[in-house]
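Q: First the structure, which I've put down as structure tokens, then a few questions once you've had a look.
Only the coordinates and a few stated rules stand behind these numbers; no lab work does. What you see is a predicted model, and the numbers here were worked out from it, not measured in a lab. Note: ideal-geometry Cβ built from the backbone for every residue, glycine included; neighbour counts use all protein chains shown.
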Amino acid sequence: MTRKQRRLTMIGGSLAVLAIAAALVLNAMRDSIVFFSTPTMAAEKQIPPGKRFRLGGLVQPGSLVKGDNLAVNFSVADGAATLPVAYKGILPDLFREGQGVVAEGAIDASGVFRADTVLAKHDETYMPKDVADALKKQGHWKDDYGAKPGATAASAPVQGASK
Amino acid sequence: MIAEAGHYALVLALGLALIQSTVPILGARWGDHALMNVARSTALAQLLFVGASFAALTMLHVVSDFSVVNVFENSHSMKPMLYKITGVWGNHEGSMLLWVLILALFGGLVAAFGNNLPLSLRAHVLTVQGWIAAAFYLFILATSNPFLRISSPPIEGRDLNPVLQDIGLAVHPPMLYLGYVGFSISFSFAVAALIEGRIDAAWARWVRPWTLVAWIFLTLGIAMGSYWAYYELGWGGWWFWDPVENASLMPWLAGTALLHSAVVMEKRNALKVWTILLSILTFSLSLLGTFLVRSGVLTSVHAFATDPARGVFILLILCLFIGGSLSLFAARATALKQGGLFAPISREGALVLNNLLLTVACGTVLFGTLYPLALEVLTGIKLSVGAPFFNLTFGPLFVLLMIAVPFGPMLAWKRGDLLGAAQRLMAAGIAALIAIAVLYAWTYGGSTFAPLAIGLAVFVIGGALSDLAERTALFRVPLGVAMARARGLPRSTWGTAFAHAGAGIALIGIVCETTWNSEYIGTMKPRDVANVAGYQLKLDDITQRQGPNFREMIAQFTVSSDGETLQMMTPSKRNFTTRGSSTTEAALLTRGASQLYVSLGDTNADGAIAVRIYHKPLVLLIWWGPVLMAFGGLLSLSDRRLRVGAPKPAKATRALAPAE
């Protein structure tokens, strides 16, 4: 093989791997990406039942009902709309009424959001960024959120629970 | 007083870094030895002053001086001493100070042990280190000063975030930073080579040990972080494809590629330009990781500082260093002479494939991490790219890589024999097929993917063993001779075998844990029994206990299997009064490489408690694999070739390289 042929082989091989990667990425983009909505956005966009998305908002105070065998019902509110959520499993340590929450799942036929993952994180200075931004947009924003950097720099995870 | 001294030491370190980043390079330009040697003394002095500054901050935390903001916000007088010390880097300011301390440490090591480097190369390398250091000192002093005082000192601190009060956290960030920042050395070497416009095989020989050191620490750091998340977060996950985790995975992937391309460059004087580019990219990804974690630009399962001033500052550093080094690369790379030729099927070719797959895999991770961010900035649409995306993109690429791994060491340099390599891998292939068949029959009706993936892992491990067997001529010569040959093998060969086998072992752990994980989630009252994977867990009792800075609810389980009592397990839930937050302390019972995992949820009004019990088969292999890989790296590092003083820049090798 000449130097040129070798170089062509190398370039061809690289392009092949890149093409595979691009195909994989495009394929994954089609199925595995989950959009984020607040209850208001979910109502406006008429998200069809069964379509997975991430629901973010505040846990409506007084809405938390614990059923048998770890079944939990609560409502997620963003000031303008609320959406009932059903979840089965252990809620994260930081899940509280009136605090930010992000749930992942889909709306069922009866209009209840069936979550299979619930993420919560709160302290005085933090709520999930998706939620904070959405609330900010709607004017339901407490100024003191985010004013102080949550100095827990290294890694203080959002508590998650997943069925 | 201590705080002011620490602050002052940091300012002096900045001054030294500024000298280090200007004087030696001028010396190199003018050919002045005295000026070039300034690099050595400033690098060492800088280490001394940052060390003093870090010691001062540690001292403040130890004595709980709450007149310092950093101590007030992250410490508590009742906190155990260990966490007072680890709390130093459990916050933004302190962890940045640790970052520059490690940077100075690496600079100091090059200064102290780089006597065999050509004087001008050392001067250039340390100059570039000086630039990085100066940028980060400025960042700390301008936006993240850990020594700020409070005008009216409070009596008590606000305590460290409870999830960070753990021994895993004591070790995870320093390890990770030793890895991240360690890649600054190969970056500095690359930039120095570009400035000098000269690079040869000896250059690769100097760079490789540094890259290897960084890679070993990064491997261990990532594994440690993953294990910490596994036992501390209370739901048994060990990798979340979280941006912060991706931030550490990307430099690891690029660093692994760099490690392999440096081999080609050292042995065959080829892939020079690519190695230089990879050195730059690896450290750029480290910087990007620092930016993602420190700027608060991403929300993830990790929490971080949310001050935009910091983000913008780091973004500037990022653009300056990545843009600057890449421009320099674009301008000077053509000046570097191309080296040895090789056929596509050869050891070099295999290593190129390795590099290709690793960098492309790294690219998909980068895309998945930054895409949501870019989309939100550009269009305002929010989406989350989670585990499914990475499994579908990173997974297949890694499978390809793993298939190729055993072939690499079997191929000869320059021109290899793929058929011969395949024949030598016959034993490994047969072992893999047997593993697939046995597992498929055993788990009949279950996942078909898992037996295949484990077969692949067995192939990788078998390939590593075959390579050793091949090199020692095991089974072909008497055992004694084979043993003698084994002793005579270069340590780097052993290192390769261990590291490759480690990758296979980790893969087995990952597949077993994700496929055959069994779980029980429900509420239990005292004397209830839960059955999980053949184990009976009886809840004996729930008790309360007072810890140093928390209250704890402990549940005691008796674990038995087939009527035989094995052990007690005591998961607990801690309530930290100062921050009003709680943590879940999971209990682990190790059986071989498998683990039983129990963590607690809320208590109900009727005294029942929510319990999560997992049986995770062979889960420990996930972390033993990386430990084995790091051990392989260590063996390779102790190779004679790297320990013995660097050889003279070999002018002759190029003349000897066969001209095809």
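Q: Please report, in debye to the nearest 20, how large the charge dipole of the range B:1-165 is about its Cα centre when each Lys and Arg carries +1 at its beta carbon and each Asp and Glu carries -1 there.
A: Details: 7 positive and 7 negative charges, 71 e Å.
So the dipole magnitude of the range B:1-165 works out to roughly 340 debye.
Q: Considering the dipole of the protein assembly as shown built from charges on the beta carbon (Lys and Arg +1, Asp and Glu -1) around the Cα centre, which of B:Ala333, A:Leu58, B:Asn74 is farthest to its positive end?
A: B:Ala333
Q: Let me ask something additional. Give me a single rounded figure for B:386-392: the average over its residues of other chain Cβ atoms within 10 Å of their Cβ. Don't jump to the answer; show the numbers that get you there.
A: Values: counts 6, 1, 5, 9, 2, 2, 8.
Taking all residues of B:386-392 together, the mean is 5.
Q: Counting Lys and Arg as +1 and Asp and Glu as -1, each charge on the Cβ, what is the dipole of the protein assembly as shown about the Cα centre in debye, to the nearest 20?
A: On the way: 64 positive and 48 negative charges, 664 e Å.
The dipole magnitude comes to about 3200 debye.
Q: What's the center-to-center distance, using Cα atoms, between the range B:110-139 and the range A:34-104 in Å?
A: Between the Cα centres of the range B:110-139 and the range A:34-104 lies a distance of 53 Å.
Q: Same structure again: Would you work out which of B:Met569, B:Gln20, B:Pro396 lies farthest towards the positive end of the dipole of the protein assembly as shown? Charges go on Cβ: Lys and Arg +1, Asp and Glu -1.
A: Result: B:Gln20.
Q: Dipole of chain B (Lys/Arg Cβ +1, Asp/Glu Cβ -1, origin at the Cα centre): which of B:Thr558, B:Ala111, B:His92 lies farthest to the positive side?
A: So the residue furthest toward the plus end is B:Ala111.
Q: Could you work out [θ]222 nm for chain B from helices alone, using -39500 (n - 2.57) per DSSP H run of at least four and dividing by all its residues? Round to the nearest 500 deg cm²/dmol. Mind showing how you got there, number by number?
A: Numbers: 23 runs with 418 residues, N = 660.
Mean residue ellipticity at 222 nm (helix-derived): -21500 deg cm²/dmol.
Q: In nanometres, what is the gap between the two model label sites at B:Arg485 and B:Lys538, each 7 Å from Cα along Cα-to-Cβ?
A: Once both label points are built, they end up 5.9 nm from each other.
Q: Shape call for the protein assembly as shown from the C-alpha gyration tensor, a ≥ b ≥ c root eigenvalues: rounded (a/c under 1.5), prolate (a/b greater than b/c) or oblate? Let's see the in-between values first.
A: Numbers: a/c = 1.71, a/b = 1.26, b/c = 1.35.
Note, shape of the protein assembly as shown comes out oblate.
Q: Size of the dipole of chain B about the Cα centre, Lys and Arg at +1 and Asp and Glu at -1 on the beta carbon, nothing else charged, in debye to 20?
A: Value, rounded to 20: 2300 debye.
Q: At what distance in angstrom do the alpha carbon centres of the range B:145-169 and the range B:540-595 lie from each other?
A: 27
Q: Arrange the following residues from fewest to most other Cβ atoms within 10 Å of their Cβ: B:Ile505, B:Ile2, B:Ile609.
A: So the residues, fewest neighbours to most, are B:Ile2, B:Ile609, B:Ile505.
Q: Per residue of A:22-35, count partner chain C-beta atoms within 10 Å of its C-beta, then hand back the mean as an integer. Write out the running numbers ahead of the final one.
A: Values: counts 5, 2, 10, 10, 1, 4, 13, 8, 1, 3, 11, 10, 7, 4.
For this peptide, the per-residue mean of nearby foreign Cβ atoms is 6.
Q: For the range B:360-404 and the range B:483-512, what is the separation of their Cα centres, given in Å?
A: Their Cα centres are 29 Å away from one another.
Q: Once you have a ≥ b ≥ c as the square roots of the Cα gyration tensor eigenvalues for the range B:1-165, tell me rounded if a/c is under 1.5, and otherwise prolate or oblate according to whether a/b is larger than b/c. Please report the intermediate quantities before stating the final value.
A: Working: a/c = 3.26, a/b = 2.52, b/c = 1.29.
In terms of gyration-tensor shape, prolate.
Q: Let me ask something else. Do any of A:Lys45/B:Lys382; A:Lys66/B:Lys616; A:Lys88/B:Lys525; A:Lys51/B:Lys382; B:Lys79/B:Lys538 go past 24 Å between their Cα atoms, and which?
A: Too far apart for the 24 Å limit: A:Lys66/B:Lys616; B:Lys79/B:Lys538.
Q: Other chains' Cβ within 10 Å of B:150-159 residues: what's the mean? All intermediate terms of the calculation are to be shown ahead of the outcome.
A: Numbers: counts 0, 0, 0, 0, 0, 0, 0, 0, 2, 0.
What the average comes to for B:150-159 is 0.
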